[in-house]
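The values are calculated or read from the model by the stated rules, or taken from the named source; none is laboratory data. In this text the structure is predicted, and so the values were computed from the model without any measurement. Positions of Cβ are generated from backbone atoms using ideal geometry, with glycine treated the same way; all protein chains shown enter the neighbour counts. For the accessible areas, the whole protein counts, side chains as well, though only heavy atoms, and no ligand, DNA or RNA atoms are used. Shrake-Rupley method; radii C 1.70, N 1.55, O 1.52, S 1.80 Å.
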Amino acid sequence: MRYLIKNIVLIVLITGAFFTNSGFGQDKTEKKPTLKKRAEQRHAMHSRDSLLRSITKTDTSISSLLQRVEQYTNNYNQIKNSLSEGLDTAEISQKLPPVIRRIDKVIVLGNTHKSSTLRYLFVLRDNLDRIQDRLDGWQSDLSDISTKLVQNQNDLLKFQKDSLLKTIPSDSAVRVTFFAHLRTVKALWRQVDSANRSALIKINLLQDKTSVSYTKILDETDHIDSKIKNFALKAIDGESDYIWNSDQQFNDFETALNSTVKLNTLLYNYFIKNVTSTHLIVVLFAIIIFSWILYVRTKAKRTNEQPETIFGRANYIYEKPIISSLLTVTAITPYFYSHPPAVFLETFFLASIILTLILVKKSFPRKAINFLILLFILTIIYSISNLFIVLSDADRYTIFILGLISIIAGLRFYKRVKRSPEEHLPHTGLALKIFVGLQVVSVLLNITGRFSLAKIIGITAVFNLWFLIILYLVVDIIIEGLYLQFQIKKGGDSFINWIDYAIVEKKFKKTLVLLASLLWIFFLLQNLNVDDWAIDSVSDMLNQSQSIAGASFTFGGFVIFIFVIWLSSIVSKIISYFYEVSAKRVSDLSVAKKKNKTSTLLIRLGVFSAGFLLAVAASGFPLEKLTIIISAFGIGIGFGLQNIVNNLVSGLILAFEKPIQIGDVVEVDGVSGTMKEIGIRSSKIATGEGADVIIPNGDLISHHVTNWTLTNTNRQIALLINIDHGSDINKVKDTLNNLLCNRDDVMTNPGPSIFINNVSVGSVEFKVLFWAADIGTVSRLRSHVLADIYHEFKKEGIEMPSAQKDVYLHFPDGVPIVSADEKTEEEKVKPAKNRSKKSPPDQDL
């Protein structure tokens, strides 16, 4: 009962408070009705926003779950499809076991007694180098595949750690759908995860095997390099006794021959089978050379009425195009290969020698051909000896005899060359001196027991002499092809007509000679068996970091910097030359020509700027150091290079504003002529007297410059014509006007003007004004017009005042006029009388 009373009292109190608040609220509403409406609208808006946010949040959460599941499904399907295609490791899996066996065999051979010869050591190292190159490629491929598989595994691990997938949707229908998709993606995940792990294990095993093999190669290469160094020391000290004291361990020639044939055959076959891609490049290069030489030869014969005159400068291509093409291919293509065996190189080399003999059979003197034939026989024997991998006394005696024959043949031929050097190739005498000198050294080393060094030097002397001749002929063949290419493109409006072939030939031949020289030097190092050592030494020197004043750099970066700057200068010169060539194809002083020539400066500046930035980027020079250098350079400019910078900036202003262009007729500081060149610092003006005046660009900006051809090439000509008094003025005007108006080289707009300029005692002066369309024809037009005026005046009877003067003498009346004859007689008498009155000379003293 007590609880009931308490509840009733509580209800009464709440009801009273409610009505009381309602009463107060009503009073306030009566006072401020707008506040209640605003509060109601705000409350309703908040309610709607809250409901909308709640709905949106719920939809977004469900959508995110479904999108995440769909994303995982798509990713795992892609991984599954990628794995189903299989890993690109079939070649590696198939060829790795034979490579491992080959490495083990090389290691065994490297520890035998046969490896005491230099040729054998180089054969083993060449094999290791080729295997190392292959393993490098395999390691790179396996690393790429492994990286992709690791990324797949990381994507698979994200599925297990994704906390969003653990969210359970509150809606039962959505929950069922979500769990169904989740079960599907989990099944797919397990399948893909298993396949990816299996592939990753397979790749890791292959990587381990490859790494172990690669480590073996590095260790064995170091071992063989160490033996080569020891052999070099031993070769210098002497491997055996004097040549007349034979060594019993070197008498087994048959074993040495069989080992050499077997090993070189294996090397040759193995190399031919494993460089298919390089073979294709060589074939493509050969097709290009053959097609080009045959094309220019055939085209030149068809397009020229007298091909003999053209082929006089292309004898090799004209007479033996196939041989010329083959020689070019066989001389260059061996260097497309990386670490080819000696037997492969010698095959190409002997082929090049045979082609050379065929090519020069008719063009070289008979004595030179005989020497080359003898040298070819010696080269064949040297080539066979170069392939031997085991020392033998027979080989040593053979090299000794070959050296003596080479010395005698070289000296005899040198005497003939000295008597008539003009009949032979340039520098033949010098080449023969070096050849004979090397053979003398080879013979002396062989006698004293240093057979390996003697063999290397003798082979180098013969091979490099031949290669020098081969490269000379290859350069000539390429130049002949270039010449024929220019000849077949001439005629009509071809661009080739405007190119100076002499300049192109000179520059291109210099480039070919440089490349041939570098190739000959590499061939020399290769024959001396120091090519790898030289490459490694140069590479270490170029890549070694140097430091100056806290700035680190490498010589390699410096060389790259210089090379890129040099290359940019070459490119800018080529572009400038072709711009000048294109300007020659248009009329003189035309707008197109001026524009082309003036743009050359901007192009050169642009190429130099781009080349400088590329050089800095390629050299690896730190840019922050570059800014310091530029700042210091700016301070130097402020103090000592003001004039130079002024001229440089003035050159840029001239290039952009173009107040003066190439070909303009200008006058500056009393110098008048045609603008010939606008350079970066200075410009050239060609005067009428044939001189080139160099004017700084700053003077062209700061001084008064008269440009006669800035807007057009018109030029006014003024003539002063004098006539005698009494002539018909109107007739003179009509004659002059008709004469000028009927000329095609005189402009009609503005037309000619004729004025009376002055009336003097002796003549009436007319001033004739007319315009020439081209300022370059002013002098010639003035001369022609004056000549026509003279003829027209003579034809019309118009007298022009003469420079001859008539003098009239008036004597006073009564004074006799003495004639010239009478005066002469009197003058003859008077001197005689005067002479009779003079005192003797002695008295005067």
Report Trp520's accessible area, 1.4 Å probe, all protein chains in place, as a number in Å² to the nearest 10.
70
Cβ-Cβ FRET estimate between Ile729 and Lys676, R0 fixed at 45 Å, reported to 0.05:
0.45
Please list Glu480, Glu423 in order of solvent-accessible area, largest first, computed with a 1.4 Å probe with all protein chains present.
Glu423, Glu480
Ignoring ligands, DNA and RNA, what percent of the 1.4 Å accessible area of region 323-413 is carbon and sulfur?
76
Of the listed links Lys433/Lys455; Lys299/Lys510; Lys80/Lys202; Lys80/Lys148; Lys299/Lys361, those spanning more than 21 angstrom between alpha carbons are Lys299/Lys510; Lys299/Lys361
Kindly state, to the nearest 0.05, the FRET efficiency for Gln716 paired with Lys573, given R0 = 45 Å and r defined as their beta-carbon distance.
0.65
What distance in nm separates the two pseudo spin-label positions at Ser277 and Ala617, each 7 Å out from Cα along the beta-carbon direction?
2.7
Estimated distance in nm for a label pair at Asn77 and Ile405, the labels positioned 7 Å out from Cα along Cα-to-Cβ:
7.8
Once R0 is set to 35 Å, what does the formula 1/(1 + (r/R0)^6) return for the Cβ-Cβ distance between Lys105 and Thr347, expressed as a FRET efficiency to the nearest 0.05?
0.90
Mind ranking His704, His427 by accessible surface for me, highest first, 1.4 Å probe?
His704, His427
Note, region 499-506: 3J(HN,Hα) by Karplus (6.51, -1.76, 1.60, θ = phi - 60°), whole Hz, Gly/Pro = x, goes 9, 7, 5, 4, 5, 4, 5, 4
Residues whose placed amide H lies under 5 Å from that of Gly449, excluding near-sequence neighbours:
Ile243
Where Lys and Arg each count +1 and Asp and Glu each count -1, what net charge lies around Ser93 among other residues with Cβ under 10 Å from its Cβ?
+2
Sparse-neighbourhood loop hits (GluC sites (Glu not before Pro), region 651-743; DSSP loop; Cβ within 10 Å at most 11 others) -> Glu689
Residues of region 274-340: accessible area per residue with a 1.4 Å probe, Å²
54
